[in-house]
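Each reported figure results from applying straightforward, stated rules to the coordinates on display, with no laboratory input. The shown structure was predicted, so the numbers you read here are calculated from the model rather than taken from an experiment. Here the Cβ positions follow ideal geometry from the backbone for every residue, glycine too, while neighbour counts run over all protein chains shown.
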Amino acid sequence: MTPRRPVFFRAAGIATVALAAASLLVGTLGDTAESQERLKIGIIGAGRIGGTLGEHWVKAGHEVLLSSRHPDTLKPLADRLGPLARVGTPREAAAFGQVVLVSVPYGAFPQVGRDHARELRGKIVLDPGNPFPQRDGPMAEEARRKGTAAASLGHLGDVRLVRAFNTVPAGVLRSEAHRTGERIAVPLASDDREALEVAARLVRDAGFEPVVVGPLARSKDFDVGTAVFGRGLTARELRRGLGLEP
């Protein structure tokens with residue numbers, strides 16, 4: 001995949017446009033992405049969320065590089081997952097991935113940006129990070145005031161950011177993937193249409209249902225502290241909670 005510059009939502013009437021775009025995208029995303037080739041996915045921070053998603057994506061046929069500050073600890077997971085999984089450093093994961101999941105405590109986001117901005121530049125980056133002041137300190141309070149997406153862009157630089165996988169608890173990501181009946185939903189927001197398509201594909205490949213909310217500004221609607229945060233909701237329940245349908 002050749003990175004392209006973001007295509008941004010226009011400012012005029014942003015709330016109305018966002019809702020209209022979300023309604024259209026929810027019905028159409030996946031049609032263009034489902035048939036695409038195997039993706040290379042770098043995971044920076046293969047803990048409870050990163051490791052779980054990495055496992056789901058390997059099972060879906062993607063190549064995954066799992067990374068942490070101590071990559072040797074990830075070798076048992078990679079060995080269990082087979083030849084599509086490997087381990088490495090965060091820098092190697094950032095360079096490897098066509099798509100990069102940054103799944104670290106939010107207080108580490110500035111360091112990830114400082115260390116790996118060159119490798120991440122122009123790439124689709126999935127951001128499941130949530131700022132918690134009791135864990136991450138004062139920078140988390142600022143991130144909550146600004147909105148997590150805006151803060152993440154400030155830390156990570158010139159990336160094609162998608163807010164994704166931040167609302168669903170780690171245990172639900174592990175236990176409810178590909179469940180029968182209505183799947184658990186994952187809200188998505190981005191200013192880049194192609195990045196949204198890829199993210200929606202990866203949500204489905206992980207065994208969940210994507211719900212596109214709109215541009216990054218709308219991701220505040222599913223940040224920490226909102227009514228939909230920290231819950232395993234179906235797509236209908238999530239859309240209702242976000243005001244995307246009556």
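Numerical summary
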| item | result |
| --- | --- |
| Assigned charges on the beta-carbon of Lys, Arg, Asp, Glu; the range 36-242 dipole about Cα centre (debye) | 180 |
| Stokes-Einstein D in µm²/s, Kirkwood radius over Cα pairs - the range 133-214 at 10 °C with 1.306 mPa s viscosity | 113 |
| Packing-based ranking, highest mean first, of 171-183, 128-140 given that Cβ atoms within 10 Å are counted | 128-140, 171-183 |
| Relative contact order of the range 36-242, defined on C-alpha pairs under 8 angstrom at six or more residues apart (%) | 17 |
| Ordering of 141-152, 205-216, 54-65 by packing [mean C-beta count within 10 Å, highest first] | 205-216, 54-65, 141-152 |
| Among 45, 199, 132 - extreme Cα towards positive end, dipole of the range 36-242, charges at beta-carbon | 132 |
| Cα centroid separation, the range 71-133 to the range 196-213 (Å) | 19 |
| Relative contact order of the range 44-113, defined on C-alpha pairs under 8 angstrom at six or more residues apart (%) | 36 |
| Debye intensity ratio I(q)/I(0), log10, the range 107-174, q values 0.27, 0.29 Å⁻¹ (C-alpha model) | -1.22, -1.28 |
| Descending Cα extents along the principal axes, the range 45-117, whole Å | 32, 23, 17 |
| Volume per residue that the Cα convex hull of the range 102-241 spans, once the total is divided by residue count, Å³ | 98 |
